[in-house]
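*Asks:* One structure follows; several queries about it will come next.
The values are calculated or read from the model by the stated rules, or taken from the named source; none is laboratory data. Since the structure is predicted, the reported quantities are computational estimates derived from the model, not experimental observations. So basically every Cβ, Gly included, is an ideal-geometry build from the backbone, and we count neighbours across all protein chains shown. For the accessible areas, the whole protein counts, side chains as well, though only heavy atoms, and no ligand, DNA or RNA atoms are used. Shrake-Rupley method; radii C 1.70, N 1.55, O 1.52, S 1.80 Å.
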Amino acid sequence: MEKKTKNFNSRIYLYIAAAGLVFIAGLIAYFFLTPLSKAEEVRYIYIDNDDTQDSVFAKLDPIANKAALMGFTNLVRHTDYSENIHTGRYAVNPGEGALTIFRRLRNGAQAAIRLTIPESRTMDRLASALSQKLMLDSATIADALLSEETCQHYGYDTATIAAMFVPNTYEIYWNTSLDTFLERMQREHDRFWHGAREAKAAQMQLTPAEVCTLASIIDEETANNQEKPMIAGMYLNRLAHNMPLQADPTIKFALKQFELKRIWQKLLQTDSPYNTYTNEGLPPGPIKIASIQGIDAVLNPADHDYLYMCAKEDFSGTHNFAATYQEHLKNAAKYTKALNEKGIK
């Protein structure tokens, strides 16, 4: 009888222990395996140099299930995470529990961003656009791009540095350093130019920076990619004849008045090395980050004998071309008349 009682008691203890283990396992599953995010799509949190473990909790709070966040909080508080906070952009995927998210943040396994380099007109504007996509602040980026020392390190000066940027989309980490970012842009530039483009530029006796300079002017002349080879051919003809380019966009750049809709005669005397009415040849550098279409138009120009162009009077954004100055004057008169009729000043 005593033996039976002992066996019975042993089974009770086993049942209690098993129930306890099941309960603990349930708690673990509830707090650590319950999906952390309550959203049905991927959400991201951004951790910067100022973040602490408490601010990380705060960034997770708006998207997190409370039970799972409690589990995440307990994990963090019982580890050395506060001493190993990694900056970056981290994905919080639907269905992932607190343990998975914790490991991702603890190991610094961040998600890359897709960064598109914009066709900015100035380095200040580029810096501002990049700062909205990267952890870098705009002043840090602008200071570097306007620094002769930094530009020279990459083989440029402050006038030509825009030629280093190719306006493609790149996968990059949000917390990338400035040096790493600039080195990446230089590699992408070299990859873009290596081969056929570099060979064509050399055959035309132009450097890649000079190609970008002319391409940037063409980009500002028209948004019509089909017309760009025509404009490229016209400007290359002028260069071959030692004629000034007389490109209105360079006046806008010299004045930093990009909103100008009409270039008056008095503006043509603007004192600037970017004034292609008073200076022959190419300006010192690009007047924007040149588009790929603009670059390829310069490298593959239309073959014609046009030396002049004027915006069409229908304001279509395309141009009338002329081989003689007399023909050009007729085109210019039509455009001037259209401007006056619309009251554009």
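*Asks:* Any residue in the stretch 299-313 that's among the polar types (S, T, N, Q): show its pairings with residues that are outside any strand (DSSP E or B) and open to solvent by 70 Å² or more (accessible area, probe 1.4 Å) at Cβ separation under 9 Å, as long as the two are six or more apart or on different chains.
*Replies:* Every condition considered, the pairs that remain are Asn300/Lys200.
*Asks:* Still on this structure: Suppose we filter the stretch 40-51 for residues that are surrounded by 12 or more Cβ atoms within 10 Å (Cβ to Cβ), part of a loop (DSSP other than H, G, I, E, B) and not hydrophobic (A, V, I, L, M, F, W, C); how many remain? So that I can check it myself, show each step before the final result.
*Replies:* Let us first name the residues in the stretch 40-51 that are surrounded by 12 or more Cβ atoms within 10 Å (Cβ to Cβ), namely 42-48, 51.
Now drop any that are not part of a loop (DSSP other than H, G, I, E, B), which leaves 42, 48, 51.
So of that shortlist, the ones also not hydrophobic (A, V, I, L, M, F, W, C) come out as 48, 51.
Matching residues across the stretch 40-51 total 2.
*Asks:* Considering only the stretch 312-322, I want to know if a residue exists there that is among the polar types (S, T, N, Q), out of contact with any helix residue (DSSP H, G or I) (no Cβ under 8 Å at 6 or more places or on another chain) and at pLDDT below 95.
*Replies:* Let us first name the residues in the stretch 312-322 that are among the polar types (S, T, N, Q), namely 316, 318, 320.
This time we only want the ones that are out of contact with any helix residue (DSSP H, G or I) (no Cβ under 8 Å at 6 or more places or on another chain), so: 316, 318.
If we keep only those that are at pLDDT below 95 as well, we get 316, 318.
Yes, the conditions are met somewhere in the stretch 312-322.
*Asks:* Let me spell it out: the conditions are (1) in contact with a helix residue (DSSP H, G or I) (Cβ under 8 Å, 6 or more places away or on another chain); (2) in a loop (DSSP other than H, G, I, E, B), and Asn175 meets all of them except one. Which number is the exception?
*Replies:* (1)
*Asks:* Given the residues Thr250, Thr278, which is the only one that is without any contact (Cβ under 8 Å) to a residue 60 or more places away in the chain, farther than 15 Å from Leu214 by Cβ and of a type in the set (Ser, Thr, Tyr)?
*Replies:* On the way: Thr250 fails: farther than 15 Å from Leu214 by Cβ.
Criteria check complete, one pass: Thr278.
*Asks:* Looking at His189, His194, which is the one that is more than 27 Å from Tyr277 (Cα to Cα) and exposed (fewer than 13 other Cβ atoms within 10 Å of the Cβ)?
*Replies:* His194
*Asks:* Let me ask you something else. Out of (1) among the β-branched types (Val, Ile, Thr); (2) surrounded by 13 or more Cβ atoms within 10 Å (Cβ to Cβ); (3) in contact with a Leu (Cβ under 9 Å, 6 or more places away or on another chain), what's the single condition that is false for Thr160?
*Replies:* The failed condition is (3).
*Asks:* Please identify the pairs in which a residue from the stretch 205-229 that is farther than 19 Å from His304 by Cα and in contact (Cβ under 8 Å) with a residue 60 or more places away in the chain has its Cβ atom under 9 Å from the Cβ atom of a residue that is acidic (Asp, Glu) and part of a helix (DSSP H, G or I), counting only partners at least 6 apart or on another chain.
*Replies:* Filtered contacts from the stretch 205-229: Glu220/Asp248.
*Asks:* Of everything in the stretch 278-318, what is open to solvent by less than 20 Å² (accessible area, probe 1.4 Å), farther than 30 Å from Lys330 by Cα and outside any helix (DSSP H, G or I)? Give them in sequence order.
*Replies:* Selection gives Gly285, Pro286, Lys288, Ile289, Ala290, Ser291.
*Asks:* Applying the selection to the stretch 294-329, what residues are of a type in the set (A, V, I, L, M, F, W, C) and within 28 Å of Ala209 (Cβ to Cβ)? Can you show your working first?
*Replies:* To start, the set of residues in the stretch 294-329 that are of a type in the set (A, V, I, L, M, F, W, C) comprises 295, 297-299, 302, 307, 309-311, 315, 321-323, 329.
Correct list: Ile295, Ala297, Val298, Leu299, Ala302, Leu307, Met309, Ala311, Phe321.
*Asks:* Can you find a residue in the stretch 327-334 that is in contact with a Phe, Trp or Tyr (Cβ under 6 Å, 6 or more places away or on another chain), outside any helix (DSSP H, G or I) and open to solvent by less than 70 Å² (accessible area, probe 1.4 Å)? Let's see the steps before the verdict.
*Replies:* Of the stretch 327-334, the ones in contact with a Phe, Trp or Tyr (Cβ under 6 Å, 6 or more places away or on another chain) are 328.
After this cut, where a residue has to be outside any helix (DSSP H, G or I) as well, the list is none.
Taking every residue of the stretch 327-334 in turn, none turns out to be in contact with a Phe, Trp or Tyr (Cβ under 6 Å, 6 or more places away or on another chain), outside any helix (DSSP H, G or I) and open to solvent by less than 70 Å² (accessible area, probe 1.4 Å).
*Asks:* Just to verify a result, which residue in the stretch 114-142, among those that are surrounded by fewer than 16 Cβ atoms within 10 Å (Cβ to Cβ) and out of contact with any helix residue (DSSP H, G or I) (no Cβ under 8 Å at 6 or more places or on another chain), is nearest to Lys288 (Cα to Cα)?
*Replies:* Only one residue tops the list, namely Thr116.
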